[in-house]
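One structure is given below, encoded as structure tokens.
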Amino acid sequence: MLKESETHGTLSVTRNKDLDALSLPPSGTIHVESSATLPSPRNPFSLANRTGQVDAVLVSRDAIHHLSENDDGMELEDPTSSNSRSLVVVPQHELTADDIRSIHDVNDLTKAEESVQISWVNEVTNDFLPPFHYIPQNLVFQNASVNILLSRIGDEDCCSSCVGNCVSSPTPCACANKNGGEFAYNARGLLKEGFLEGCIAISRNPKRYYAFCKDCPIERSKNDDCLEPCKGHLKRKFIKECWSKCGCGKQCGNRIVQRGITCNLQVFFTPEGKGWGLRTLEELPKGAFVCEFVGEILTIKELHERNMKHAVTGEYTYPVLLDADWGSRFVKDEEALSLDAASFGNAARFINHRCYDSNLVEIPVEIEGPGHHYYHFALFTCRKVAAKEELTWDYGIDFDDHDNPIKPFQCKCGSKFCRNMKRSNRSVRSSPSNARCSL
Ligand SMILES: C[S@@+](CC[C@H](N)C(=O)[O-])C[C@H]1O[C@@H](n2cnc3c(N)ncnc32)[C@H](O)[C@@H]1O
């Protein structure tokens, strides 16, 4: 018998001989935490024994794909649901490894790697979260060269004589000077209006901010007999945060991205057909740091190889190119870096694309050292975002670029500025060479 306690929102199951087999506590009832997960019986509840190990899960019958109609499980009626969908207790040995991992991650897919928990829900289909490894910080895959050397950080690149909080200091320190004379953040830890608007303008119309050089290193590297004119380079606006060689402390107001995720986020299944997405559970002000796009650090050469292999296997990459350095010098594919969040990543791997009027903007952040070869790719709110609103960013895809071999998705962003809708009757072709990512 399954009942919901009216007082504290728990489900209780009365003990019987079948449940004894699940090593239940001697009290005779199982108390399963409900609250947010209760309205969706697709979210499984774990039945733990006295040692805290999970023996079985309480889950909607149709959530476990391989559980055939003849499989008995242990049927339980759910009186909390108006249409009384049936719940079954499924012993752990009948679950696949991916089922088990997803079930364990329902309340916190970060596995306690972040200072906040991030839950997942699916109120649309019976799908579990795709298998991936949560990592809170970028990790080098193999031979990508990320040189974080204290000796490369000169006196002008850090504020070694500062104490406490640099942002509240009346005189700008060396790190503020690296930001163009003032910090990007205000005293509340939000991006200053002018800096944010500048980043949004670059993101929405990058070509307007191109710089053209006379003797273009990229055109010269093509080794053509005829040297073509420069196609233009995007100069990105960087944030420079204080770091370990600085004198200030971890709570310095110029250390936002390096402190990790602090807002209340949730991964959810989107009803519009975009797969999983990320949303905020609390209202976020304009200019707030949401999360960094974290993944494996790869060379572009390795990324190309993965894309070629995946074209055969049907797998995919979730890449972001770290291209800020490319404008000033020619960078070879075996040196240039990208991030791939498909197998190893953080919550940002679930952020979907929205053409033009997305509520997040990406900003490169320099933390561990000067130079724009390796940096952090951080996402900030462009405007106030309401609780439960989906978080989106513009991947920079040009749906009309025919030269890129990677075919982009059919965009379902719903924006009135959708660049894919405009070409709705034409076939989907490829993503652009200047896309920030080809997710
Ligand atoms: C970084 S992932 C985002 C998370 C993804 N939705 C998932 O379920 O794992 C990028 C992929 O999401 C899907 N996607 C993102 N934005 C979309 C959009 N506006 N319309 C349709 N699909 C989208 C595409 O399949 C894309 O390759």
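Hey, among the residues in the range 145-187 that are free of Cβ contacts under 8 Å to residues at least 12 places away in the same chain and either hydroxyl-bearing (Ser, Thr, Tyr) or on the phi < 0 side of the Ramachandran plot (or both), which one's most open to solvent (accessible area, probe 1.4 Å)? Looking at residues that are free of Cβ contacts under 8 Å to residues at least 12 places away in the same chain and either hydroxyl-bearing (Ser, Thr, Tyr) or on the phi < 0 side of the Ramachandran plot (or both), I get Pro170.
The set of residues from the range 129-144 being open to solvent by 30 Å² or more (accessible area, probe 1.4 Å) and either under 30 Å from His104 (Cβ atoms) or of a type in the set (Asp, Glu) (or both) comprises Pro130, Pro131, His133, Pro136, Gln137, Leu139, Val140, Phe141, Gln142.
Kindly establish whether Val365 is more than 21 Å from Val257 (Cα to Cα) and either without any contact (Cβ under 8 Å) to a residue 12 or more places away in the chain or away from the ligand (no atom under 16 Å from the Cβ) (or both). Judged against the criteria, Val365 is not a match. Here is the figure for the range 247-270: residues that are free of Cβ contacts under 8 Å to residues at least 60 places away in the same chain and open to solvent by less than 30 Å² (accessible area, probe 1.4 Å) total 1. Among residues of the range 407-429 that are within 11 Å of Cys355 (Cβ to Cβ) and among the charged types (D, E, K, R), those with a beta-carbon under 6 Å from a residue that is modelled with pLDDT of 90 or more and near the ligand (Cβ under 10 Å from one of its atoms) at least six positions away or on a different chain give the pairs Lys412/Glu272; Lys412/Gly273; Lys412/Lys274; Arg419/Cys355.
Of the residues examined, Gly287 is not one that is at pLDDT below 95 and on the phi > 0 side of the Ramachandran plot. Confirm whether Cys355 is touching a residue at least 40 places away in the same chain (Cβ under 8 Å) and within 12 Å of the ligand (Cβ to nearest atom). In short, yes. Against the definition (among the charged types (D, E, K, R), open to solvent by 60 Å² or more (accessible area, probe 1.4 Å), more than 20 Å from Arg204 (Cβ to Cβ) and at pLDDT below 95), how does Arg329 come out, yes or no? Yes.
Provide a single number: the residues in the range 349-368 that are surrounded by 21 or more Cβ atoms within 10 Å (Cβ to Cβ) and assigned to a loop (DSSP other than H, G, I, E, B). Selection size over the range 349-368: 5. Scanning the range 292-312 for residues that are of a type in the set (A, V, I, L, M), within 16 Å of Gln142 (Cβ to Cβ) and open to solvent by 20 Å² or more (accessible area, probe 1.4 Å) yields a count of 0. Taken over the range 369-385, the criterion of being outside any strand (DSSP E or B) and either open to solvent by 50 Å² or more (accessible area, probe 1.4 Å) or under 30 Å from Phe330 (Cβ atoms) (or both) is satisfied by Gly369, Pro370, Gly371, His372, His373, Tyr374, Tyr375, Arg383, Lys384. Criterion first (closer than 30 Å to Leu150 by Cα, at pLDDT 95 or above and within 12 Å of the ligand (Cβ to nearest atom)) does Asn346 satisfy it? Yes, satisfied. Where in the range 247-336 are there strands (runs of 3 or more DSSP E), lying fully within it, with 3 or more residues that are away from the ligand (no atom under 15 Å from the Cβ) and under 22 Å from the mean Cα position of the chain (by Cα)? By residue number, 295-299. Of the listed requirements (1) modelled with pLDDT of 90 or more; (2) within 16 Å of the ligand (Cβ to nearest atom); (3) open to solvent by 10 Å² or more (accessible area, probe 1.4 Å), Trp393 misses just one: (3).
The values are calculated or read from the model by the stated rules, or taken from the named source; none is laboratory data. As the structure is a prediction and not an experimental result, all values here were calculated from the model. With ideal geometry, Cβ positions are generated from the backbone for all residues, glycine too; neighbour counts draw on all protein chains shown. All accessible areas refer to the heavy atoms of the entire protein, side chains included, with ligands and DNA or RNA removed. Shrake-Rupley method; radii C 1.70, N 1.55, O 1.52, S 1.80 Å.
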